[in-house]
1. Being of a type in the set (Lys, Arg) and either crowded, with 17+ Cβ neighbours inside 10 Å or more than 24 Å from Phe151 (Cβ to Cβ) (or both) is the filter here; which residues of the stretch 177-204 pass it?
2. Only one of (1) assigned by TED's automatic domain parsing to the domain that holds Ile225; (2) closer than 19 Å to Cys60 by Cβ; (3) in a helix (DSSP H, G or I) fails for Arg191. Which number is that?
3. Can you tell me which residues in the stretch 84-95 are over 13 Å from Asp112 (Cα atoms) and out of contact with any strand residue (DSSP E or B) (no Cβ under 9 Å at 6 or more places or on another chain)?
4. Given the options Thr163, Thr148, name the one that is touching a Ser or Thr at 6+ places or on another chain (Cβ under 9 Å), part of a loop (DSSP other than H, G, I, E, B) and among the β-branched types (Val, Ile, Thr).
5. Got a number for residues in the stretch 187-212 being among the small types (Gly, Ala, Ser) and either farther than 30 Å from Tyr89 by Cα or touching a Leu at 6+ places or on another chain (Cβ under 8 Å) (or both)?
6. Looking at the structure I just gave you, is Ser96 out of contact with any Lys or Arg (no Cβ under 6 Å at 6 or more places or on another chain), polar (S, T, N, Q) and over 23 Å from Tyr193 (Cα atoms)?
7. Mind listing whichever residues of the stretch 102-132 are over 17 Å from the mean Cα position of the chain (by Cα), charged (D, E, K, R) and over 21 Å from Asp181 (Cα atoms)?
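The values are calculated or read from the model by the stated rules, or taken from the named source; none is laboratory data. Treat the numbers as computed from the prediction; the structure is a model and nothing was measured. As a convention, Cβ positions derive from the backbone with ideal geometry for all residues, glycine included, and neighbour counts pool all protein chains shown.
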Amino acid sequence: MKLKTSEKVPEKNKNSALKTFAPASMPKATADRMILCLTGPMAAGKNAASRIFEKYGFECIDFDTLVHKAIEERSEQIFEEFSSDAKIYGIDLKNSDGSLNRRALGSLIFKDQKLLSRQETIVYPAVTHFAKDFIKKNPQKNIILNATVLFKIPELMAECTHTVFIKANVFIRLLRVKKRDAMPYDQILARFYSQKDLFKNYKKSEIPVVVIKNSGSILSLEKRIKKAFIDHFGNLSINT
């Protein structure tokens with residue numbers, strides 16, 4: 001179950017997904033809970049993987065949803081922060097109804113790492129609050145934090161037992177984005193470039209990284225996820 005945008009958030013059991021594949025050596029894992037960071041570059045298949053984890057009993061927090069919620073709640077602050085930069089690039093940050101145009105904002109902030117960092121300073125404190133509140137309210141649940149750059153929020157990375165890194169061939173990712181979003185190639189490549197050190201940044205953390213390749217079908221991805229968990233943790237069973 002994904003965190004709804006409407007939410008306001010500042011003896012072994014053979015049916016338990018955690019208890020069947022959480023060996024004693026797993027860092028921070030307990031008998032009752034596992035929290036995983038699910039990540040990977042744009043269009044690698046994080047959302048598809050997230051749905052598979054939901055099938056096996058995990059609660060999934062979609063950080064894109066949380067970021068959108070935070071942007072909506074702070075739209076006026078964001079507009080004031082970036083309006084002068086948008087004028088320089090000839091970008092209109094507002095829709096015809098006066099609301100913030102998230103796609104236009106994205107095209108702006110991915111032009112310059114400094115602009116992206118300024119947006120993160122505004123948005124990430126709210127995202128952290130939303131996520132930690134959800135974790136606190138679901139103390140017995142196994143949880144997936146579906147986020148591309150969770151490494152930028154150490155407070156949330158500290159909650160995780162492992163990072164699951166979904167990867168795919170760059171050309172496959174390019175075709176997926178073009179089909180899904182109809183985004184111009186220059187914008188796609190700019191976002192790809194901004195994520196070039198993604199895996200390296202997760203490897204720098206003290207949290208073990210499990211890499212899963214996703215270049216085929218959903219069924220193939222599910223098989224790879226199950227195999228990865230059998231290899232690393234012993235099993236992945238449906239938590240009913």
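1. Initial filter on the stretch 177-204 (of a type in the set (Lys, Arg)): 178-180, 191, 196, 200, 203-204.
The answer is Lys178, Lys179, Arg180, Arg191.
2. In the conditions (1) assigned by TED's automatic domain parsing to the domain that holds Ile225; (2) closer than 19 Å to Cys60 by Cβ; (3) in a helix (DSSP H, G or I), Arg191 misses (2) alone.
3. So the first thing to find is which residues in the stretch 84-95 are over 13 Å from Asp112 (Cα atoms), and the list is 84, 87, 90-95.
Result: Ser84, Lys87, Gly90, Ile91, Asp92, Asn95.
4. Details: Thr163 fails: part of a loop (DSSP other than H, G, I, E, B).
Unique residue meeting the criteria: Thr148.
5. As a first pass, look at the stretch 187-212 and keep what is among the small types (Gly, Ala, Ser): 190, 194, 205.
Okay, now just the ones that are also either farther than 30 Å from Tyr89 by Cα or touching a Leu at 6+ places or on another chain (Cβ under 8 Å) (or both), so 194, 205.
Residues meeting the conditions: 2.
6. Working: out of contact with any Lys or Arg (no Cβ under 6 Å at 6 or more places or on another chain): yes; polar (S, T, N, Q): yes; over 23 Å from Tyr193 (Cα atoms): yes.
So Ser96 fits the description; yes.
7. Correct list: Asp112, Lys114, Arg118.
Quick grid of which residues meet (1) surrounded by 16 or more Cβ atoms within 10 Å (Cβ to Cβ); (2) not assigned by TED's automatic domain parsing to the domain that holds Lys223:
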site	(1), (2)
Lys69	yes, yes
Ser75	yes, yes
Asp85	yes, yes
Asp92	no, yes
Ala104	yes, yes
Leu115	yes, yes
Gln119	yes, yes
Val127	yes, yes
Asn146	yes, no
